[in-house]
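Engineer: Take this structure first; my questions come after.
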Amino acid sequence: MINIGLIGYGYWGPNVAKNIHVNPNLILHTICDIKKERLLKAKNVYISQTNYEISYKKLLINPEIEAIAIAVETSGHYKLVKEALLAGKNVYVEKPFTSTVKEAEELKKLAKEMNLIIHVDHIMIFHPIIKKIKSLIENDALGEILYIDSIRTNLGQIKKDVSVMWDLAVHDLSIIDYLMDAKEPFYINAVGEKFYNPKESLCFLTLRYKGFISHIQSSWISPLKERKLIIAGTKKMLVFDDLKSEKLSIYDKGVDIISGKNIECDDYVVKIREGDVLAPYIKQEDALYNSLEHFRECIKDGKQSISNPDKALRIQRILELADKNMNKQIV
């Protein structure tokens, strides 16, 4: 059994608390939040099953607590992760890892020196359908990947400390990183606008990788909530729509090249291939539960998380470069 202290019971903290609590091999030792009304909310749920603190420092000095879960605004990650590591605690932290690449690199180095685990909750790589897509790609069911198109939009929640790209596109970047074996883009372009916010609330991110391209649309100001991923391969194509009951559809569609000497003048050089659509059964699982369980296994076995600082850094380098290239004009 591993005792975990949770810092932050605001927007996402209740979900983290619930999934720690229902895991039979984890103990939700303490919930911490600086706002008393949030702690009262937690007490209404967990009553005497856990402890409650306003000061996070009490969690860090408690020898019973082996790991700290951090679910606060991104701007607070660096300080809390650093203090937790220095206190000898393994760390689970929400995405994005930190506000800057420099901060992330420092924490990575510190965790290595302290022989501790940092698990960044890039939750989508623990989704059962993303795992299924990974298997399809590894088994060459889709063929060579041509492009990956992603849409992640809704109306709100507009955040002040990060842009919509850092909040939403980070999910899709983590998916691409996982599916395509940590390939990194050689071209990054971003267009965005700061509607109602000091940071971008709408963003279109385009990336070129060796062999394929990707386009990621992120918005906090859309009338529609969408969570859609399209992957086109040379053999098959798929759509993952996280808001549908049948979330994954695999299309036996594509483009065939016609070659040979006897092609008639009115034939196309390429022909569209239309086939069946398969909606495979995939057992439902909670991605957040899977993420926390992976964190537990890493602590137990003394191994690095698949969502470790190296992965987080690859994604944050893309985000920083995209920020730098945001809305660059062609003269």
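Here's the yes/no breakdown for (1) in contact (Cβ under 8 Å) with a residue 12 or more places away in the chain; (2) of a type in the set (Val, Ile, Thr); (3) touching a strand residue (DSSP E or B) at 6+ places or on another chain (Cβ under 7 Å):
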residue: LYS43; (1), (2), (3): no, no, yes
residue: THR50; (1), (2), (3): yes, yes, yes
residue: ALA69; (1), (2), (3): yes, no, yes
residue: GLU83; (1), (2), (3): yes, no, no
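Yes/no matrix, rows are residues, columns are (1) in contact with a Lys or Arg (Cβ under 9 Å, 6 or more places away or on another chain); (2) closer than 21 Å to ASN325 by Cα:
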position	(1), (2)
ILE123	yes, no
GLN157	no, no
LYS160	yes, yes
LEU173	yes, yes
ASP181	no, no
ASN189	yes, yes
LEU202	yes, yes
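Engineer: Here's another thing I want to ask about it. Evaluate the following for ASN19: is it closer than 16 Å to SER291 by Cβ, part of a loop (DSSP other than H, G, I, E, B) and not assigned by TED's automatic domain parsing to the domain that holds LYS159?
Structural biologist: No.
Engineer: Please go through the stretch 1-14 and give me each residue that is assigned to a helix (DSSP H, G or I) and either surrounded by 21 or more Cβ atoms within 10 Å (Cβ to Cβ) or among the aromatic types (Phe, Trp, Tyr) (or both), ordered by number.
Structural biologist: The one that is assigned to a helix (DSSP H, G or I) and either surrounded by 21 or more Cβ atoms within 10 Å (Cβ to Cβ) or among the aromatic types (Phe, Trp, Tyr) (or both): GLY13.
Engineer: Follow-up. Let me spell it out: the conditions are (1) surrounded by 15 or more Cβ atoms within 10 Å (Cβ to Cβ); (2) modelled with pLDDT under 95, and ALA17 meets all of them except one. Which number is the exception?
Structural biologist: Among (1) surrounded by 15 or more Cβ atoms within 10 Å (Cβ to Cβ); (2) modelled with pLDDT under 95, ALA17 violates only (2).
Engineer: Could you say which residue among ARG296, ARG273 is of a type outside the set (A, V, I, L, M), touching a strand residue (DSSP E or B) at 6+ places or on another chain (Cβ under 7 Å) and at pLDDT below 95?
Structural biologist: ARG273
Engineer: Taking the condition within 22 Å of ILE299 (Cβ to Cβ), in contact (Cβ under 8 Å) with a residue 40 or more places away in the chain, assigned to a loop (DSSP other than H, G, I, E, B) and not assigned by TED's automatic domain parsing to the domain that holds ASP161, does ASN62 pass?
Structural biologist: yes
Engineer: Read through the list (1) polar (S, T, N, Q); (2) touching a residue at least 12 places away in the same chain (Cβ under 8 Å); (3) farther than 25 Å from LYS300 by Cα, then give the number of the only condition that ASN19 fails.
Structural biologist: (3)
Engineer: What single numbered condition from (1) part of a helix (DSSP H, G or I); (2) of a type outside the set (Lys, Arg); (3) modelled with pLDDT under 85 fails to hold for SER291?
Structural biologist: Tallying (1) part of a helix (DSSP H, G or I); (2) of a type outside the set (Lys, Arg); (3) modelled with pLDDT under 85, SER291 fails exactly one: (3).
Engineer: Taking the stretch 215-235, which residues are buried (at least 19 other Cβ atoms within 10 Å of the Cβ) and not aromatic (Phe, Trp, Tyr)?
Structural biologist: ILE216, GLN217, SER218, SER219, ARG227, LEU229, ILE231, ALA232, GLY233
Engineer: Looking at the structure I just gave you, is ALA71 more than 16 Å from the chain's Cα centre (by Cα) and of a type outside the set (D, E, K, R)?
Structural biologist: No, not satisfied.
Engineer: Still on this model: Just checking, how many residues over the stretch 281-331 are closer than 20 Å to MET1 by Cβ and β-branched (Val, Ile, Thr)?
Structural biologist: Within the stretch 281-331, residues that are closer than 20 Å to MET1 by Cβ and β-branched (Val, Ile, Thr) number 1.
Engineer: While we're looking at this one, here's another question. With the structure loaded, tell me whether PRO24 is under 30 Å from LEU243 (Cα atoms) and surrounded by fewer than 14 Cβ atoms within 10 Å (Cβ to Cβ) or whether it fails that test.
Structural biologist: When the stated conditions are applied, PRO24 passes them.
Engineer: Quickly run through the stretch 170-211 and pick out the residues that are over 24 Å from PRO309 (Cβ atoms), assigned to a loop (DSSP other than H, G, I, E, B) and touching a strand residue (DSSP E or B) at 6+ places or on another chain (Cβ under 8 Å).
Structural biologist: Result: PHE195, TYR196, GLU200, SER201, GLY211.
Engineer: Could you list, in sequence order, the residues of the stretch 285-314 that are acidic (Asp, Glu), surrounded by fewer than 16 Cβ atoms within 10 Å (Cβ to Cβ) and farther than 18 Å from ILE175 by Cα?
Structural biologist: GLU297, ASP301
The values are calculated or read from the model by the stated rules, or taken from the named source; none is laboratory data. Quantities reported herein were computed from a predicted structural model and do not represent experimental measurements. Heads up, the Cβs are rebuilt from the backbone with ideal geometry, glycines too, and the neighbour counts pull from every protein chain shown.
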